[in-house]
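What follows draws every value from the coordinates through simple rules; no lab data is involved. Because the structure is predicted, anything quoted here is derived from the model rather than measured. Cβ atoms come from the backbone with ideal geometry, glycine included; neighbour counts cover every protein chain shown.
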Amino acid sequence: MRTRIKICGLTREQDIDAAVSAGVDAIGFVFYPKSKRCLTPARAAQLRRRVPAFVDVVALFVNPADDEVRAVLDQVGPELLQFHGDETPQQCAHHGQRFLRAFRVGAPGLDTAAGLAAQCRAYGEAAGWLFDSYSTGYGGSGLAFDHALLDEVRADPLSRPLILSGGLKPENVGQAVRLLRPWGVDVSSGVEVEQGIKSSDRISVFVAATQEADAN
């Protein structure tokens with residue numbers, strides 16, 4: 001199986017071009033005001049025009065108001081929404097759009113394999129379950145987590161596609177893919193030179209390392 005690749009937190013045209021040229025499957029735009037990678041819907045709509053067919057745009061939110069999501073749907077037209085806060089299953093599905101549900105592994109209630117699996121099952125309508133590490137703030141942490149906590153989720157016959165995030169970078173993504181064989185991987189800070197500024201070289205190496213792991 002080929003591991004799908006998403007680069008999140010893109011803010012510049014040249015970074016989108018680099019990601020597309022490297023062969024990524026999806027590009028993530030952040031709409032969380034406390035993030036340094038946050039975009040306005042108008043700016044995201046400009047960047048979206050750089051994204052060709054067959055590359056998905058994912059819109060990331062943290063506890064958004066309905067009108068915030070609607071503005072992004074209307075102006076940007078993402079293929080997927082991604083919810084990274086405390087949204088209920090009903091709130092995630094409310095917009096009638098396919099969505100990813102992010103889980104902050106290690107948070108209270110998500111710090112055991114059984115607890116994590118139970119939380120995941122509540123979001124059975126999600127197009128995929130994304131696993132990031134817990135930190136006191138919301139959004140991607142850039143930190144790794146104990147992958148053994150995913151054992152029950154991976155064994156669940158009703159599991160949704162598993163997307164691995166949290167501390168991934170070119171130097172370790174191959175090992176993670178070989179160990180877990182996830183549906184997809186998601187990276188942001190691991191391919192940056194500073195917050196919101198991606199490195200085309202690190203994007204290329206990240207994609208190549210993922211593809212090499214798929215072949216082995």
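Taking other Cβ atoms within 10 Å as a rough exposure proxy, Arg50, Arg101, Arg160, Arg12 sort from fewest to most as Arg12, Arg50, Arg160, Arg101. Between Gly184, Gly28, Gly77, the GNM of the chain built on Cα springs shorter than 10 angstrom shows Gly77 fluctuating the most. For the pair Asp146 and Gln97, the difference between a 0.36 nm per residue extended length and the Cα-Cα distance amounts to 14.5 nm. Take Gln195, project a point 7 Å from its Cα along the Cβ direction, then tell me which residues of the range 71-102 have their backbone nitrogen under 19 Å from it. Zone members listed by number: 84-85. For the range 117-216, the normalised intensity computed at q = 0.11 Å⁻¹ comes to -0.34 (log10 of I(q)/I(0), Debye sum over alpha carbons, equal scatterers, no solvent).
Full extension of the chain between Ser21 and Arg2 yields a length gain of 5.1 nm, computed as 0.36 nm times the residue separation minus the alpha carbon distance. A cut-off under 15 angstrom between Cβ atoms defines the neighbours of Ala127, and their net charge, with Lys, Arg +1 and Asp, Glu -1, is -1.
Each of Glu171, Glu87, Glu194 was scored by other Cβ atoms within 10 Å of its Cβ. Arranged with the fewest first, they read Glu194, Glu171, Glu87.
In angstrom, the C-alpha Rg and Dmax of the range 1-127 are 15.0, 43.
Per residue, the Cα convex hull of the chain amounts to 110 Å³.
What is the sum of charges around Ala114, taking Lys and Arg as +1, Asp and Glu as -1, for the other residues whose C-beta is under 15 Å from the C-beta of Ala114? Result for the neighbourhood of Ala114: -3. Taking a sphere under 12 Å around the Cβ of Gly167 and counting the other residues whose Cβ falls inside, with K and R at +1 and D and E at -1, yields a net charge of -3.
The residues Ser204, Ser165, when put in order of fewest to most other Cβ atoms within 10 Å, stand as Ser204, Ser165.
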